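Enquirer: First the structure, which I've put down as structure tokens, then a few questions once you've had a look.
The values are calculated or read from the model by the stated rules, or taken from the named source; none is laboratory data. Everything numeric in this text was worked out from a predicted model, so none of it was measured. Here Cβ is always computed from backbone atoms with ideal geometry, including for glycine, and neighbour counts include all displayed protein chains. Ligands, DNA and RNA are stripped out before the accessible areas are found, and what is left, the full protein with its side chains, is counted by its heavy atoms. Shrake-Rupley method; radii C 1.70, N 1.55, O 1.52, S 1.80 Å.
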Amino acid sequence: MGSDPIVNLSDRQRELLALVIEEYVATGQPVGSRYLVERGSLSVSASTVRNELAELEGRGFLTHPHTSAGRIPTEQGYRLYADGILAQDTRPGAFPLDLSELRREIDSALEATTDALSRVTSQLALVSAPPLETTLVRHVEVLLLNPRTVMAVVITSTGGVAKSVVTFDDAVDPGLAKWAGEYLNERVAGLQMGTSRLWRELEDPSLSVGERQFLAALKPVFTNLLGAEQRLYVGGAAGLLDAARDDELGIYRHVLVTLERRAALLEILGEALDPRHAFVRVGGELEHPAFQDAALVGATYGLTNRPLGAVGLLGPARMDYDKAIRSVRGAAQELSRFVEEVYEDN
């Protein structure tokens, strides 16, 4: 949308657009000029309101069903309205999410965030995990499957799991396998994936040649994990259709089908990331056929100068943008506080 319509919109037109959107979000019914005069506490006549609504419609912010004299918002109208909310106050509001008891469990924090967002807003909540190269090693297992076969398992702080099975030419000393598990949990657990420090621990020159060779054989379990798909946490999908209005059922069916292709949702969240602000994408801005009548409201979380992921709400374009924006800002703030404590300790 260009800037001219926004710059030239009068305060009265902005107020009327907001009233139409808020009433339509609440009722799902087209909004007429008489209602706006009676319920909107406007100090102008119904004819003036009709003229202003006609102007807003002519400029693409409103439209009206053929059988009704009332107006409903267009994608462009929602976009302008949401932009106004985003600009009003950048401070996140209070959000009912307490992650303090989760200690270093990032995956549990991400799950708790999606659950809280979907519960508070009745929308589909999406939270993208930090990039795998930034997540932490939580635990390592080194298991001797048979005398010549070893399986290494790495579990990350976001719940990612990687396994690697290595077959050796000669029988493996069970004591060496036991030592490797203990060594890796002592020296590597808690480190960030993809960092030089992790690789240095695997190649520590103070280790014996045999120990270094054994760890080198297990190294692919760490590199394989970095190539895995980024995790996406989803909350509220189970009850989505039960809570949806009749006119939203088609939208949500498309959304639920798309959940099976999580890579598409991760791509949408990734493209919408803004390291400074909450964001709103409406309809065609999502550039996906399943979301032409939907909207995504989100905010990034992470470290002070480095966003790690996004929390978002996906729902119909006719959503409560004010509540959605406040909710994702509050959730992102709580999640940022949590990951800062985890990452600063390492």
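Enquirer: How many residues are of a type outside the set (Gly, Ala, Ser) and touching a helix residue (DSSP H, G or I) at 6+ places or on another chain (Cβ under 7 Å) if we restrict to the range 38-54?
Expert: Number satisfying all stated conditions: 5.
Enquirer: Can I ask one more? Return the residue satisfying two criteria in turn: it lies in the range 193-238 and is at pLDDT below 80 and assigned to a helix (DSSP H, G or I), and of such residues it is nearest to Pro131 (Cα to Cα).
Expert: For the range 193-238, the residue satisfying everything is Leu226.
Enquirer: Considering (1) at pLDDT below 80; (2) in contact with an Asp or Glu (Cβ under 7 Å, 6 or more places away or on another chain), say which one Ala278 fails and leave the rest.
Expert: All conditions pass for Ala278, except number (2).
Enquirer: Give the number of residues within the range 37-71 that are touching a residue at least 40 places away in the same chain (Cβ under 8 Å) and either open to solvent by 50 Å² or more (accessible area, probe 1.4 Å) or hydrophobic (A, V, I, L, M, F, W, C) (or both).
Expert: 5
Enquirer: Okay, moving on. Can you confirm whether Thr74 is of a type in the set (Val, Ile, Thr), surrounded by fewer than 19 Cβ atoms within 10 Å (Cβ to Cβ) and closer than 26 Å to Arg281 by Cα?
Expert: Answer is no for this residue.
Enquirer: Let me ask another. Mind listing whichever residues of the range 43-85 are farther than 16 Å from Ala317 by Cβ and of a type in the set (A, V, I, L, M, F, W, C)?
Expert: Listed by number, the residues that qualify are Val44, Ala46, Val49, Leu53, Ala54, Leu56, Ala69.
Enquirer: In the range 22-38, which residues are among the small types (Gly, Ala, Ser) and assigned to a loop (DSSP other than H, G, I, E, B)?
Expert: Result: Gly28, Gly32.
Enquirer: I want to confirm something. Restricting to the range 288-311 and keeping residues that are among the small types (Gly, Ala, Ser) and over 24 Å from Ile106 (Cα atoms), which single residue is surrounded by the most Cβ atoms within 10 Å (Cβ to Cβ)?
Expert: Result: Ala295.
Enquirer: Another question about this same structure. How about the range 93-134: which of its residues are among the small types (Gly, Ala, Ser), under 13 Å from Gly330 (Cβ atoms) and part of a loop (DSSP other than H, G, I, E, B)?
Expert: Matches in the range 93-134: Gly93, Ala94.
Enquirer: I would also like to ask the following. Yes or no: Glu141 in contact with a helix residue (DSSP H, G or I) (Cβ under 8 Å, 6 or more places away or on another chain), of a type in the set (Asp, Glu) and not in a helix (DSSP H, G or I)?
Expert: Here the answer is yes, as Glu141 does meet what is asked.
Enquirer: Which condition does Arg34 not pass, out of (1) under 23 Å from Arg337 (Cβ atoms); (2) free of Cβ contacts under 8 Å to residues at least 24 places away in the same chain, if it passes all the others?
Expert: Single failed check for Arg34: (1).
Enquirer: Return the total of residues in the range 312-335 being open to solvent by 20 Å² or more (accessible area, probe 1.4 Å) and either without any contact (Cβ under 8 Å) to a residue 60 or more places away in the chain or over 23 Å from Leu17 (Cα atoms) (or both).
Expert: Total satisfying the criteria: 3.
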